[in-house]
Amino acid sequence: MEKIDTSGMSCPQPVLMTKKALDNHPDGLDIVVDNNTARENVERFLNHSGYSTVIKEDEDTYLIEARR
């Protein structure tokens with residue numbers, strides 16, 4: 001599965017990167033974010049776009065698995 005890392009970026013950049021990556025990988029994507037605001041915004045965008053999400057929390061990051 002394709003994976004993008006948006007660590008260190010503030011919103012809306014993680015959402016914009018996710019949207020662009022999904023253009024090339026419409027079946028799903030793994031997204032790494034490093035703050036709660038980005039996690040919420042990316043998850044909301046994915047859910048509104050028809051993707052199911054699973055969030056795995058690591059020490060300093062979240063891995064959002066988006067699947068169609």
**OP:** Find the relative contact order for the chain and round it to a whole percent, using C-alpha pairs within less than 8 Å whose residues are 6+ positions apart.
**Re:** 34
**OP:** Under a cut-off of 19 Å between alpha-carbon atoms, report the lysines in cross-link reach of Lys56, not counting same-chain residues fewer than 8 places apart.
**Re:** Lys3
Original post:
If you wrap the chain's Cα atoms in a convex hull and average its projection over all directions, what's the area in nm²?
Top reply: 3.8
Original post:
Picking from Ile55, Val32, Ala66, whose Cα lies most toward the positive end of the charge dipole for the stretch 1-66 (charges on Cβ: Lys, Arg +1; Asp, Glu -1)?
Top reply: Ala66
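Read-outs: derived from the displayed coordinates by stated rules, not from any lab. In this text the structure is predicted, and so the values were computed from the model without any measurement. Counting neighbours? That spans all protein chains shown, and the Cβs are built from the backbone with ideal geometry, glycine included.
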